[in-house]
1. Under 5 Å between amide hydrogens, which residues at least 5 positions from residue 115 or on another chain qualify, with H placed 1.01 Å from N in the peptide plane?
2. For helix 164-176, what angle does its Cα long axis make with the longest principal axis of the chain, in degrees from 0 to 90 and rounded to 10?
3. Take every DSSP beta bridge whose two residues both sit in the stretch 125-252, then give the antiparallel share in percent to the nearest 5.
4. Restricting things to Cα coordinates, could you compute the convex hull volume per residue of the chain in Å³?
5. Highest mean first, what order results for 155-165, 62-72, 251-261 on Cβ atoms within 10 Å?
6. On C-alpha positions alone, give me the angle between the axis of helix 43-59 and the longest principal axis of the chain, in degrees, nearest 10.
7. Please state, as a whole number in µm²/s, the translational diffusion coefficient that the Stokes-Einstein equation yields for the stretch 125-252 at 10 °C and 1.306 mPa s, with Rh defined as the Kirkwood radius across alpha carbon pairs.
8. Report the gain in length on full extension from residue 30 to residue 248: 0.36 nm times residue separation, minus Cα-Cα distance, nm rounded to one decimal.
Amino acid sequence: MISPRTRKSFVALCCSAVLAGNAAAACVSKPVTLLVPYPAGGLSDVIARTLNQPLSQQLGQPVLVDNLGGAGGSIAAQKVLSAPADGHMLFLGSPNEVILTPLANAAVKLRHDQFTLVNPVTVNPLVMLVRKDLPVRNIDELVTYARNPANKPLSYGSVGYGSLYHFAGEDLSARIGVPMLHVPYKGGAPLMTDMGAGQVDFTMMPWATMYRGLEKDGRLRILGWVGPNRDELAPEVPAFGEGTLLKNFEYSTWSGVMVRKETPAATLSCLHQALTAVLTQPEVKKAILDTGSRPAAPQSLEDSARKFSAEAARFQALAKSIQLQPQ
């Protein structure tokens, strides 16, 4: 015979299960798209495919990764703004697509304040990669090589005009006082292909573990961390700060899940709860670390909003400092 206390516990458990199901339903009622603003095969794509299955389990609906590159990621960002603000279109974005590209591309009319950051997902320090036969072994030698009038101007690749990596290249050019040729790509994957073929002299990109394999295969070389100190993600790689010619040059970035600003508060809160649950899973943290990224700590929606606003102000100041002109 079931005791009254056991019966009450069973009823409470059933009610909790129903409420949990209703909470998921409050977020989404059909398959969700996680839009990646670059072609398949790059770091952003790998991160998205790390998140989509556990996020599907939290939401109770399939989360499908979709790749749409071009225009520094702004084509995908605009697609998010054109979709209904109902939580069914998520954007794995970064400062590149929603802050920097609008500052650099006069044809891009979107604004960062049209998006809400649900939560950061990764933190990504930058590293400089050079073509395999570029005759430099560290950042001081690269600066000296670039300043030598006997050498042709160096070329550097990025994932688009106005991307963070374009900003970093222009900043480097200004700091050392020599012109450089910017070569924009639609994403990291085609850029790495051309780096391996020796078509571009260097790039500054978020660290990824695959760079070790590319270096081992003789397709490129890892020159150094773009900052003052080595990073535990690859402690064998030297830092710019270990040289003498570029002591105060530092860049890093982050990625996060975003939605349209008009997304209802209840839906936003539910998505935030689901993403927080995903980001705290040990297997997800390990999978992110395995890519060479640092997992971002879950934070409140209010903290995410403050971070987003602060980043916009920082990059707007940077654009002004390097006199970036919209094209």
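1. 261
2. 30
3. So the antiparallel bridges in the stretch 125-252 amount to around 60 percent.
4. Hull volume normalised by residue count: 143 Å³.
5. Details: 155-165: 25.3, 62-72: 18.9, 251-261: 21.1.
Most protected by this proxy first, the peptides run 155-165, 251-261, 62-72.
6. 10
7. The Stokes-Einstein estimate is 111 µm²/s.
8. Once the chain is fully extended between residue 30 and residue 248, it gains 73.6 nm.
A short reminder: the numbers here are calculations on the coordinates, not readings from a lab. Here the structure is a predicted model, which means the values were calculated and not measured. Using ideal geometry, Cβ is built from the backbone for each residue, glycine included, and neighbour counts are taken over all protein chains shown.
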